[in-house]
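To start, the structure under review is shown below, and the notes come after it.
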């Protein structure tokens, strides 16, 4: 039996709650707020979250890489940048999980190098404060995690696999080995 972290139903409830909070915060903006999805992991979360944000908004995407297998490398690479101007806008970074804080620190500094936003807010499905290496503020959180376990499902992946699972769970060593075997036999 899988160690469930968040069921699909709980994810929907969380997205509705966060969406309502963001709607309240952003309802009187002078410029359209910009929601930036951190690809690829946060894509399902951003899609579901935005169903509940009831203000006009813009979307953009950034792709960063800092994981290899189940471990953070500690080095962040920018693979795809945003194209929307950020000057004077509220920028909401949508992330699946904030753990070490290195990726969010890198991204915030990068965004500030692109322009002068009104503010940068972070909205994460999971906040793994226990894994922090640098201090970073998560402004909107679905759930704070108290254990530093590797997560899979709902956008969270193992070398590209399991993103399409509609819930989040902690894989066993056997499940990770099975994913490795699958990659070896069917990836090509």
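The values are calculated or read from the model by the stated rules, or taken from the named source; none is laboratory data. On a predicted model such as this, the values are computed, not experimentally measured, just so you know. With ideal geometry, Cβ positions are generated from the backbone for all residues, glycine too; neighbour counts draw on all protein chains shown.
Listed values, structure above:
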| item | result |
| --- | --- |
| Residues (part of a loop (DSSP other than H, G, I, E, B) and either within 16 Å of residue 95 (Cβ to Cβ) or over 16 Å from the mean Cα position of the chain (by Cα) (or both)) located in region 160-172 | 163, 171, 172 |
| Among the candidates 152, 112, residue that is over 15 Å from residue 95 (Cβ atoms), modelled with pLDDT of 95 or more and surrounded by fewer than 21 Cβ atoms within 10 Å (Cβ to Cβ) | 112 |
| Residue that is modelled with the lowest pLDDT, among those in region 22-46 that are within 13 Å of residue 124 (Cα to Cα) and not in a strand (DSSP E or B) | 41 |
| Total residues in region 24-39, condition free of Cβ contacts under 8 Å to residues at least 40 places away in the same chain and touching a helix residue (DSSP H, G or I) at 6+ places or on another chain (Cβ under 7 Å) | 0 |
| Test result for residue 66, in contact with a helix residue (DSSP H, G or I) (Cβ under 6 Å, 6 or more places away or on another chain), at pLDDT below 95 and closer than 22 Å to residue 179 by Cα | yes |
| Looking only at region 94-120, and only at residues there that are part of a strand (DSSP E or B) and without any contact (Cβ under 8 Å) to a residue 40 or more places away in the chain, the one that is farthest from residue 46 (Cα to Cα) | 119 |
